[in-house]
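Below is one structure, written out as structure tokens; the observations come after it.
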Amino acid sequence: MHAAPSKETATPGTRLKVSGMNCGNCARKVTAATQTIAGVRSVDINLEDQVATLQWSVPSPDVEGVVAAIEAAGYKVEVLANAPGEDEGQAGWHMGLWVGVGCTTPMLIGEWIFHLGGEPWFKWLSFALASVVQVVAGARFYQGAWLQLKARSSNMDTLVAIGSTTAFAYSVWALLAGWPGHVFFMEAAAIITVVSVGHWMEARVTSRAAGALQALLSLTPATARRRTEDGSEEIVPVSALRRGDTLVLKPGDAVPTDGRIAGGSSSVDESMLTGESLPVEKSAGKELYAGTTVQDGQLVVEVTATGEATALANIIAAVRRAQSSSANIQRLGDRVSSVFVPVVLAVALAAGLWWALAYDHARATHDWLAGFLWSMPAPTSAVAAGFIIAAAVLIIACPCAMGLATPTAIMAAANVAARRGILIRDGVALEKAGAITVVMFDKTGTLTTGKPVVVASHFPGPAGHEDASLKQLAAALARHSLHPYSQAVATLNTADVELKEWRELRGAGVLAKVRRDGKDQTVRLGSLRWVQKESPADQEGRAFVDLWTGQGASVIGLSLDFKLLALFAVKDELKSGAIEVVRRLENAGVQVHLVTGDQRRTAASIGQQVGITPGRIHAEVRPEGKAELVKQLQEAGERVAFVGDGINDAPALEQASLGVAVCRASDIAREAADIVLLSSDIEAVPESLFL
């Protein structure tokens with residue numbers, strides 16, 4: 001139930017038949033036991049078949065140690081062959097379920113519809129039907145309770161077994177003794193049947209989630225077409241691929257592993273990775289991801305990652321981690337469950353003894369409470385009352401509600417989210433998402449496309465100044481930076497300039513040494529407050545800044561030893577769904593804030609376009625300042641989700657109550673985030689918060 005290795009690099013798994021494992025609590029208990037053994041990489045639990053599949057991170061797995069740990073937790077373990085059987089485990093489970101339904105239904109109809117409960121012949125028929133349920137359908141519960149008892153522990157199986165046995169044993173005694181009162185064969189069978197149905201439903205949900213992950217695993221082919229040194233092609237297992245290998249992909253081929261296109265062009269279906277239905281055009285230099293599909297054209301691809309390092313393997317690991325994690329409320333339920341069974345047993349024993357030994361007092365209390373609740377006939381015998389009341393307490397308490405609902409909900413939500421391109425780190429992230437009161441968006445690459453272009457330039461120097469040489473210098477300085485604004489400036493000129501001591505300052509810009517006028521001078525490209533602090537723009541420069549910032553563009557400057565040489569207006573278009581996303585969040589009662597390092601007028605223009613209240617727009621904020629803004633809102637009682645995509649967003653993502661990293665987010669941003677959106681569209685933000 002944790003991140004599993006991809007099938008290309010996984011060591012052969014160990015499959016264990018774990019008898020007595022009937023519900024989500026059992027599965028988590030078995031998982032915890034396996035994690036105490038060194039070398040266990042992951043464990044998948046199949047509740048329906050009662051099978052645990054382990055993957056190892058060591059060449060010599062300690063299977064005996066795992067078996068001993070699980071048995072110490074109160075379960076019987078058998079090592080299975082690696083190849084799963086076709087109907088292993090399912091026949092016995094389904095037989096018990098349908099036997100319970102088939103035998104309990106006639107008793108329900110007879111007692112509730114035809115009122116035959118007092119007929120001697122119907123009591124004997126109920127005895128026969130309930131006996132079958134006890135032996136066949138109840139076997140799993142009795143086995144689980146017995147194994148827990150041997151381990152000096154208890155679980156929900158203990159309650160089911162004791163409650164059903166108490167009702168059944170009392171009814172057998174009453175039948176054989178000729179007792180004229182009501183017998184409880186129907187109740188004894190019904191509790192086993194109802195709880196079996198609940199476990200079956202849980203197992204079905206778990207099985208479907210596992211099936212969805214298996215579908216992700218099956219996206220990559222088993223073989224690949226590798227080009228040899230002499231130019232020929234050979235078919236090899238995907239597990240044999242190594243970084244640097246050259247692959248040939250033809251139309252219709254599934255990409256076997258991550259790589260970079262070395263030749264050719266094609267449209268590629270990446271819907272499994274991003275959730276976007278439209279194919280993406282790919283050419284030389286572009287990245288390919290395992291599990292995507294080549295639609296047309298032939299590609300020559302250099303392998304860049306294999307096995308667990310691929311994007312698909314990371315997706316699978318994230319989904320497994322989310323499905324197997326515990327939300328805070330679930331961990332509370334687990335702690336309560338650990339003391340719940342003995343408390344219920346004690347209450348049942350106390351109630352039974354009260355009615356058996358102090359019948360008149362218990363009856364008087366019963367009659368008094370009936371005036372506030374509802375009137376029910378009380379047992380007329382002290383002995384019968386003791387058995388019936390004790391069994392009632394056990395039966396009412398035994399369903400695994402605390403251990404069933406929350407893990408099932410987490411598993412289902414994580415599974416649905418993954419299919420829609422939303423990766424959730426763990427159950428805690430889901431829980432936090434539902435309580436968010438403020439969403440703070442970074443601007444560039446989040447509300448905007450992240451693909452800005454230079455729309456205008458201004459050179460403050462005298463007429464005839466070397467505009468072309470300044471563009472060449474700015475482009476050369478920007479070329480080594482991955483910031484979107486730098487990439488935009490880098491397109492101004494393709495010529496190179498000799499630079500020394502190039503550096504990038506987060507939240508400010510880039511600088512380097514350049515040889516001019518016979519000496520080394522420092523050239524800077526970045527935010528105006530940084531590049532022009534000793535030589536502010538002239539009147540024309542200020543007019544240029546006002547003009548373009550008012551239109552939503554960002555203005556960056558080029559300076560030489562802090563003397564301003566050029567201004568560049570860089571504009572980034574809004575994402576198509578940004579306005580609708582802000583509207584949906586505001587309508588749901590969530591405050592939307594915008595934070596950016598850009599000038600105030602640029603930020604105000606963007607905020608106005610998407611509908612963000614001016615008081616919630618934060619401009620000229622350095623990276624560490626974003627985290628401080630988040631902290632201030634949190635100290636005011638807000639629960640803040642931060643949405644960003646860059647390295648400079650990592651502190652804020654980490655500080656936020658919930659960090660959301662969007663498509664193309666840097667590795668650091670992804671690591672700091674609780675939720676990763678694989679699609680570049682931010683329409684998934686409201687969906688991820690409302691899961």
query = Are any residues in the stretch 531-558 in a strand (DSSP E or B) and farther than 25 Å from L594 by Cα, and if so, which ones?
reply = L558
request  = Scan Q487, Q521 and give me the residue that is among the polar types (S, T, N, Q), within 44 Å of the chain's Cα centre (by Cα) and at pLDDT 85 or above.
outcome  = Q487
note = Reported set for the stretch 242-261 where residues are open to solvent by 70 Å² or more (accessible area, probe 1.4 Å) and either under 14 Å from T228 (Cα atoms) or in contact (Cβ under 8 Å) with a residue 60 or more places away in the chain (or both) is R242, R243
request  = Return yes or no: is A566 open to solvent by less than 30 Å² (accessible area, probe 1.4 Å), in a strand (DSSP E or B) and among the hydrophobic types (A, V, I, L, M, F, W, C)?
outcome  = yes
query = Within the stretch 262-317, can you find the residues that are on the phi > 0 side of the Ramachandran plot, open to solvent by 40 Å² or more (accessible area, probe 1.4 Å) and at pLDDT below 85?
reply = G275
key: Subset of the stretch 54-68 [open to solvent by 20 Å² or more (accessible area, probe 1.4 Å) and assigned to a strand (DSSP E or B)]   = Q55
key: Residue list for the stretch 34-48, filter: over 21 Å from the mean Cα position of the chain (by Cα) and open to solvent by less than 20 Å² (accessible area, probe 1.4 Å)   = T34, G39, E48
query = Among the residues of the stretch 107-122, how many are open to solvent by less than 20 Å² (accessible area, probe 1.4 Å) and not aromatic (F, W, Y)?
reply = 3
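This table checks each residue for (1) free of Cβ contacts under 8 Å to residues at least 24 places away in the same chain; (2) at negative phi; (3) not in a helix (DSSP H, G or I).
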| site | (1), (2), (3) |
| --- | --- |
| H115 | yes, no, yes |
| G118 | no, yes, yes |
| A128 | yes, yes, no |
| R140 | no, yes, no |
| Q143 | no, yes, no |
| V160 | no, yes, no |
| T166 | no, yes, no |
| A188 | no, yes, no |
request  = Go through the stretch 418-432 and give me each residue that's under 25 Å from L574 (Cα atoms) and in a helix (DSSP H, G or I).
outcome  = none
request  = Could you please let me know if A10 is open to solvent by less than 40 Å² (accessible area, probe 1.4 Å), at pLDDT below 70 and part of a loop (DSSP other than H, G, I, E, B)?
outcome  = yes
message = Step by step: first the residues of the stretch 145-154, then only those that are out of contact with any strand residue (DSSP E or B) (no Cβ under 8 Å at 6 or more places or on another chain) and part of a helix (DSSP H, G or I), then the one that is surrounded by the fewest Cβ atoms within 10 Å (Cβ to Cβ). Which residue is that?
response = K150
query = Can you name the residue in the stretch 358-381 that is open to solvent by less than 30 Å² (accessible area, probe 1.4 Å) and hydrophobic (A, V, I, L, M, F, W, C) and is also farthest from T166 (Cα to Cα) among such residues?
reply = A370
Pairs with Cβ under 9 Å, 6+ apart, first in the stretch 364-387 and over 15 Å from S171 (Cα atoms) and in a loop (DSSP other than H, G, I, E, B), second acidic (D, E) and open to solvent by 60 Å² or more (accessible area, probe 1.4 Å) = S375/D367; A378/D367
query = Got at least one residue in the stretch 322-337 being modelled with pLDDT of 65 or more, open to solvent by less than 20 Å² (accessible area, probe 1.4 Å) and in contact with a helix residue (DSSP H, G or I) (Cβ under 7 Å, 6 or more places away or on another chain)?
reply = no
request  = Write out, first by first residue and then by second, each pair whose Cβ atoms fall under 8 Å of each other, whose residues are 6+ apart or on separate chains, and whose first residue, in the stretch 487-507, is on the phi > 0 side of the Ramachandran plot while the second is among the aliphatic types (A, V, I, L, M) and surrounded by 18 or more Cβ atoms within 10 Å (Cβ to Cβ).
outcome  = E501/A512
inquiry  = When the residues of the stretch 69-78 are narrowed to those that are in contact with a strand residue (DSSP E or B) (Cβ under 6 Å, 6 or more places away or on another chain) and of a type outside the set (K, R), which ends up most open to solvent (accessible area, probe 1.4 Å)?
reply    = E78
Checking A405 against (1) modelled with pLDDT of 80 or more; (2) of a type in the set (A, V, I, L, M); (3) open to solvent by 10 Å² or more (accessible area, probe 1.4 Å), the condition it does not meet = (1)
inquiry  = For the stretch 61-71, which positions are in contact with a Gly (Cβ under 8 Å, 6 or more places away or on another chain) and either in contact (Cβ under 8 Å) with a residue 40 or more places away in the chain or among the small types (G, A, S) (or both)?
reply    = P61
note = Among (1) among the polar types (S, T, N, Q); (2) modelled with pLDDT under 90; (3) within 18 Å of K123 (Cβ to Cβ), S171 falls short only on (2)
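The values are calculated or read from the model by the stated rules, or taken from the named source; none is laboratory data. What you see is a predicted model, and the numbers here were worked out from it, not measured in a lab. No Cβ is skipped: glycine too gets one built from the backbone with ideal geometry, and neighbour counts run over all protein chains shown. These area figures cover heavy atoms from the full protein model, side chains too; ligands, DNA and RNA do not enter into them. Shrake-Rupley method; radii C 1.70, N 1.55, O 1.52, S 1.80 Å.
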